[in-house]
Amino acid sequence: MNAELQQFASDNYAGICPEAWAAMAKANHGHVPAYGEDGWTQAAADAFRTLFEKGDAEVFFAFNGTAANSLALASLCQSYHSVICSSSAHVETDECGAPEFFSNGSKLLIASSADGKLTPELVRTLAKSRSDIHFPKPRVVTITQATETGLVYSVDEIRKLSATCRELGLRLHMDGARFANACASLDCAPADITWKAGVDLLCFGGTKNGMAVGEAVIFFDPKLAEDFDYRCKQAGQLASKMRFLAAPWVGLLEGGTWLKNGAHANACAGRLAEAVADLPDFRLMFPVEANAVFLAAGEDRLQALRDRGWRFYTFIGGGARFMFAWDADPARVDALARDIRAVSAGPG
Ligand SMILES: *Cc1c(COP(=O)(O)O)cnc(C)c1O
């Protein structure tokens with residue numbers, strides 16, 4: 001089957017990056033113990049502890065982000081608890097109720113957010129909206145880093161959110177499906193936007209960073225990880241040949257490939273945004289801070305782009321979303337920019 005021309009509809013249209021692939025190949029020798037009792041799983045978990053400068057962090061590997069997020073949130077909640085998230089959060093819009101399912105009913109409380117970010121004010125308002133026995137008790141705040149809208153929370157924003165959480169007795173979870181893009185954007189140490197800023201639990205995305213499958217669930221407080229292994233197993237998330245979920249992480253983490261991949265994707269988003277910034281009829285919907293570009297335009301313009309063969313989704317705010325992956329080809333980015341320009345009425 002021939003590869004198709006590169007599209008930017010989603011960052012998981014991309015394949016596996018060479019470093020992850022090479023590590024998989026290296027792991028594919030002989031027999032090793034199953035269910036995570038192997039050297040690759042140990043090495044990957046250790047690599048995370050080193051990367052996060054947190055020797056006592058507990059690390060688990062799940063097949064995908066929906067499972068990682070849902071089980072992580074479920075581990076922080078009783079069934080009568082609730083989880084505060086933004087209205088565009090993946091846990092709310094794209095996980096088919098899995099967080100509620102795996103937590104046996106913990107309710108998501110949705111903060112209406114124009115740009116996809118939560119703020120201390122939004123959290124406080126929702127957490128304080130009710131305190132009676134008839135309403136599910138707020139227990140966790142979940143933020144997405146980078147957000148579904150392609151924004152990045154600064155270190156300061158996360159610190160302020162976590163201070164609010166602590167004050168209100170809430171835990172802070174981070175959906176890091178695009179954590180690498182956020183770190184590349186902020187040029188900060190992973191610890192700075194996680195446990196050092198008050199994040200309790202991180203789901204670190206491997207799939208969108210260049211793996212075939214796999215997300216890591218990282219508990220910065222080992223006490224919170226109690227029995228999480230049972231939760232994973234019961235949910236069908238314990239890989240028997242775990243070395244193949246773990247090895248690509250070793251490939252990504254050693255030598256900083258994870259960050260290089262994130263930075264490249266971000267640079268391609270910046271490249272597109274810059275190339276079309278002067279067009280009055282394609283308006284940037286959000287600042288470009290990670291690997292996403294959202295362009296609002298009339299439906300006729302969007303259709304003209306589709307007619308030129310470009311694929312994109314419009315489920316966030318009705319504009320065209322373009323997502324860039326670790327292997328985004330700058331020449332294809334330029335081709336997209338040229339086509340946007342061609343279907344546009346031109347500079348204002
Ligand atoms: C892609 C993504 C996930 C993971 O989705 P799966 O399809 O379950 O792997 C989680 N959160 C966000 C914000 C995402 O974009």
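Structure values in brief
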quantity: Gly198 in contact (Cβ under 8 Å) with a residue 12 or more places away in the chain and within 16 Å of the ligand (Cβ to nearest atom); calculated: no
quantity: Within region 12-36, considering residues that are outside any helix (DSSP H, G or I), open to solvent by less than 50 Å² (accessible area, probe 1.4 Å) and more than 16 Å from the ligand (Cβ to nearest atom), the one nearest to Ser103 (Cα to Cα); calculated: Gly36
quantity: Residue in region 255-282 that is nearest to Ala23 (Cα to Cα), counting only those that are over 20 Å from the mean Cα position of the chain (by Cα) and free of Cβ contacts under 8 Å to residues at least 24 places away in the same chain; calculated: Ala273
quantity: Test: residue in region 158-180 that is within 13 Å of the ligand (Cβ to nearest atom), part of a helix (DSSP H, G or I) and not basic (Lys, Arg); calculated: yes
quantity: Only one of Val217, Val213 that is within 16 Å of the ligand (Cβ to nearest atom), within 27 Å of Glu37 (Cα to Cα), in contact with a Phe, Trp or Tyr (Cβ under 6 Å, 6 or more places away or on another chain) and in a loop (DSSP other than H, G, I, E, B); calculated: Val213
quantity: Answer residue from region 97-121, given it is under 27 Å from Glu289 (Cβ atoms) and among the hydrophobic types (A, V, I, L, M, F, W, C) and is surrounded by the most Cβ atoms within 10 Å (Cβ to Cβ) among those; calculated: Leu118
quantity: Residues located in region 46-66, provided they are within 21 Å of Lys223 (Cβ to Cβ), of a type in the set (Phe, Trp, Tyr) and within 16 Å of the ligand (Cβ to nearest atom); calculated: Phe60, Phe61
quantity: Where a residue in region 58-75 is touching a residue at least 12 places away in the same chain (Cβ under 8 Å) and among the acidic types (Asp, Glu) and its partner, wherever it lies, is assigned to a helix (DSSP H, G or I) and more than 13 Å from the ligand (Cβ to nearest atom), with Cβ under 6 Å and at least six apart; calculated: Glu58/Pro222; Glu58/Ala225
quantity: Tally of residues being of a type in the set (Gly, Ala, Ser) and either touching a residue at least 60 places away in the same chain (Cβ under 8 Å) or assigned to a helix (DSSP H, G or I) (or both) across region 103-123; calculated: 1
quantity: Selection count, region 67-102, where residues are over 20 Å from Ala216 (Cβ atoms) and part of a loop (DSSP other than H, G, I, E, B); calculated: 8
quantity: Residues being within 25 Å of Asp132 (Cβ to Cβ) and either within 15 Å of the ligand (Cβ to nearest atom) or surrounded by 24 or more Cβ atoms within 10 Å (Cβ to Cβ) (or both) - total across region 79-90; calculated: 5
quantity: Yes/no for Gly39 being at pLDDT 95 or above, within 16 Å of the ligand (Cβ to nearest atom) and over 28 Å from Thr142 (Cβ atoms); calculated: no
quantity: Residue within region 44-65 that is open to solvent by 80 Å² or more (accessible area, probe 1.4 Å) and β-branched (Val, Ile, Thr) present; calculated: yes
quantity: Failed item in (1) modelled with pLDDT under 95; (2) open to solvent by 20 Å² or more (accessible area, probe 1.4 Å), with Gly346 passing the rest; calculated: (2)
quantity: Subset of region 147-194 that is farther than 26 Å from Ala74 by Cβ and among the β-branched types (Val, Ile, Thr) - its residue that is nearest to the chain's Cα centre (by Cα); calculated: Val152
quantity: Residue list for region 264-316, filter: under 20 Å from Lys117 (Cα atoms), of a type in the set (A, V, I, L, M), open to solvent by less than 40 Å² (accessible area, probe 1.4 Å) and assigned to a loop (DSSP other than H, G, I, E, B); calculated: Ala290, Ile316
quantity: Boolean, Ile133 is within 16 Å of the ligand (Cβ to nearest atom) and either not in a helix (DSSP H, G or I) or not basic (Lys, Arg) (or both); calculated: no
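The values are calculated or read from the model by the stated rules, or taken from the named source; none is laboratory data. The shown structure was predicted, so the numbers you read here are calculated from the model rather than taken from an experiment. Note that each Cβ is placed from the backbone with ideal geometry, even for glycine, and that neighbours are counted across all protein chains shown. To get the accessible areas, we keep the full protein, side chains included, count just its heavy atoms, and leave off ligands, DNA and RNA. Shrake-Rupley method; radii C 1.70, N 1.55, O 1.52, S 1.80 Å.
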